[in-house]
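The values are calculated or read from the model by the stated rules, or taken from the named source; none is laboratory data. As the structure is a prediction and not an experimental result, all values here were calculated from the model. Please note: Cβ atoms are built from the backbone with ideal geometry, for glycine as well, and neighbour counts cover all protein chains shown. Areas reflect the complete protein model, heavy atoms only, side chains present, ligands, DNA and RNA absent. Shrake-Rupley method; radii C 1.70, N 1.55, O 1.52, S 1.80 Å.
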Amino acid sequence: MSNPIPTPASTDAATMAAQICRQIQSIFSHQLPNNLSPPLDVLTTELATLRGRVFVYVVGREGLMMKAFCMRLFHLGLSAHVVGDMTTPPATAGDLLLASAGPGDFSTVSALCRVAKNAGARVVLITAKPDAESEARRCADSVVFVPAQTMADREEDRIAGEVRLPMGSLYEGALFVLFEMVVIKLAEVIGQSPAEMRARHTNLE
């Protein structure tokens, strides 16, 4: 039988939020392997140099972060699509597939990376396990390394008084922050103002 989770010494919202934010911040100060570039740089470069459409795909809560990112890419003026939507066009040469597999592999992610690759599109894989042996990794033209705990990792014993995100929440939270940073950086690079972005927001709500 598993041990009960210790109750944090301080459960006020500000303290909990600060601990969670520090955990996410630590992801972006992690020492990267020599063969991998910072995630913000990789995504910004891939999207700033894109001449075709961008497609996003992932499952679960990672997928919610990616869908939110796709919305902002559309607001930036990119032709951005969520794989599986009924209006998603086919991927072709010059397009880009952004796929996430925090634990290293999901069967649908690997399958769609293969389809995109065979269609001539570039594939960028976002993952916490860049050395995983998966078809998605083999198809990837570029890898975005987000070194955070995922659903596949064993959770460490918690320390009394410490607030720690459960399961894959740290990876998912890091994705949200990473994507927001990319939006800010990309807007600067391609010259999109807040007013131009707002003008593309739907009025059907």
**Request:** Using Cβ-Cβ distances only, list the Cys residues of the chain with no partner cysteine under 4.7 Å, sorted by number.
**Result:** 21, 70
**Fill in**
Restricting to Cα pairs under 8 Å and 6 or more apart, the percent relative contact order of the stretch 58-205 works out to 23
**Asked** For labels at residue 190 and residue 88 in the simple 7 Å Cα→Cβ model, what's the distance in nm?
**Response** 1.9
**Asked** Expressed as a fraction of 2.2 N^0.38 Å, the rule-of-thumb size for a compact globular protein of N residues, what is the C-alpha radius of gyration of the chain?
**Response** 1.09
**Request:** In whole Hz, with x marking every Gly and Pro, tabulate ³J(HN,Hα) for the stretch 105-112 from phi via Karplus 6.51 cos²θ - 1.76 cosθ + 1.60, θ = phi - 60°.
**Result:** 7, 10, 4, 6, 5, 4, 4, 6
**Asked** Could the peptides 179-191, 66-78 be put in order, highest first, of the mean number of other beta-carbon atoms found within 10 Å of their residues?
**Response** 66-78, 179-191
**Item:** With every protein chain in place, the stretch 70-115: carbon and sulfur % of accessible area (1.4 Å)
**Value:** 64
**Fill in**
Non-local residues with an amide H under 5 Å from the amide H of residue 97, with H modelled 1.01 Å from N and Pro and chain starts lacking one, are 55, 122, 123, 124
**Other-chain or far-sequence residues with amide H under 5 Å of residue 144's (modelled H)** = 125, 126, 127
**Item:** 1.4 Å probe accessible area per residue over the chain, in Å²
**Value:** 55
**Request:** Give me the net charge of residue 109's neighbourhood, meaning all other residues with Cβ under 13 Å from the Cβ of residue 109; Lys, Arg count +1, Asp, Glu -1.
**Result:** +2
**Complete:** Taking Cα atoms only, helix 60-75 is inclined relative to the longest principal axis of the chain by an angle, in degrees rounded to 10, of 40
